[in-house]
1. Looking only at the stretch 84-100, decide whether some residue is closer than 24 Å to residue 26 by Cβ and at pLDDT 95 or above.
2. Considering 131, 153, which residue is under 18 Å from the mean Cα position of the chain (by Cα) and closer than 20 Å to residue 76 by Cβ?
3. Only one residue in 167, 138 is in a loop (DSSP other than H, G, I, E, B), over 30 Å from residue 121 (Cα atoms) and at pLDDT 95 or above, so which one is that?
4. Of all the residues that make up the stretch 66-118, how many are surrounded by fewer than 19 Cβ atoms within 10 Å (Cβ to Cβ), in contact (Cβ under 8 Å) with a residue 60 or more places away in the chain, within 30 Å of residue 23 (Cα to Cα) and touching a helix residue (DSSP H, G or I) at 6+ places or on another chain (Cβ under 9 Å)?
5. For residue 251, which of the numbered conditions (1) at pLDDT 95 or above; (2) surrounded by fewer than 17 Cβ atoms within 10 Å (Cβ to Cβ) fails to hold?
6. Taking the conditions exactly as written (surrounded by fewer than 18 Cβ atoms within 10 Å (Cβ to Cβ), modelled with pLDDT of 95 or more and in contact with a helix residue (DSSP H, G or I) (Cβ under 6 Å, 6 or more places away or on another chain)), does residue 63 satisfy them or not?
7. (1) touching a residue at least 12 places away in the same chain (Cβ under 8 Å); (2) surrounded by fewer than 16 Cβ atoms within 10 Å (Cβ to Cβ); (3) closer than 20 Å to residue 176 by Cα: which one isn't true of residue 264, the others all being true?
8. Restricting to the stretch 33-60, what's the tally of residues that are more than 20 Å from the chain's Cα centre (by Cα) and surrounded by fewer than 18 Cβ atoms within 10 Å (Cβ to Cβ)?
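The values are calculated or read from the model by the stated rules, or taken from the named source; none is laboratory data. These numbers were taken from a predicted model, which means no experiment stands behind them. Note: ideal-geometry Cβ built from the backbone for every residue, glycine included; neighbour counts use all protein chains shown.
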């Protein structure tokens with residue numbers, strides 16, 4: 001009997017690549033998205049069900065999980081992939097923008113996890129893979145709410161590991177760097193530059209110029225999807241899976257350098273485009 005995976009945010013980018021990878025491996029795939037009626041590619045694949053799921057709507061989450069179990073009999077893996085990145089000067093970001101960032105990136109992960117846990121607990125089996133980011137263990141300027149959500153996902157997942165291990169349920173974190181998708185265009189929110197106080201404007205322009213994500217140099221969606229696949233299926237109790245050269249390099253620097261030196265390096269690159277001499 002084929003195993004079954006449920007993936008959030010599967011309409012494009014990494015989520016789509018993950019869905020395609022699991023389908024090629026012979027799994028049943030529940031590819032969830034906010035508007036499945038608009039999906040034209042995944043619906044053509046065998047063993048793929050495209051279901052409506054909005055991670056910010058708990059009723060939607062519960063309904064999608066129930067339908068997935070009813071259709072395929074059980075779930076073996078859940079991948080919390082849905083998310084987006086909010087950037088900008090914190091003082092200029094609205095409470096609604098920040099709340100939406102947390103509703104999607106944090107409370108959405110928790111809602112999906114809460115919905116699937118009774119099923120996993122009853123089976124005493126299952127794996128939850130949360131797609132976090134290198135930004136869950138280090139920070140860059142102008143991304144404070146986004147980093148706050150990814151650090152929250154890291155802490156949530158790491159703590160959850162203790163209580164679920166006794167039930168045979170594994171939890172995993174995948175930590176990509178920049179991915180070669182349209183994430184920053186399709187799933188980004190740069191806030192309202194018009195509302196940035198004058199004291200920040202020159203700094204914000206320099207940082208945006210020097211730290212603008214170079215998606216062409218990032219890991220491919222297929223490479224990250226392969227790491228998600230490995231995390232979901234390797235049967236190990238390993239928690240973290242880093243993927244992408246930039247993520248490996250920056251996380252190594254973060255571990256090796258004292259705070260003041262790491263901040264100096266990142267700050268110099270952000271403001272001048274080059275590390276300190």
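1. no
2. 131 is the lone residue from the list that is under 18 Å from the mean Cα position of the chain (by Cα) and closer than 20 Å to residue 76 by Cβ.
3. Sole residue among the options that is in a loop (DSSP other than H, G, I, E, B), over 30 Å from residue 121 (Cα atoms) and at pLDDT 95 or above: 138.
4. Qualifying residue count for the region: 2.
5. Against the list (1) at pLDDT 95 or above; (2) surrounded by fewer than 17 Cβ atoms within 10 Å (Cβ to Cβ), residue 251 comes up short only on (2).
6. Details: surrounded by fewer than 18 Cβ atoms within 10 Å (Cβ to Cβ): yes; modelled with pLDDT of 95 or more: yes; in contact with a helix residue (DSSP H, G or I) (Cβ under 6 Å, 6 or more places away or on another chain): no.
Criteria not met by residue 63.
7. Every condition holds for residue 264 apart from (3).
8. Residues in the stretch 33-60 being more than 20 Å from the chain's Cα centre (by Cα) and surrounded by fewer than 18 Cβ atoms within 10 Å (Cβ to Cβ): 11 in total.
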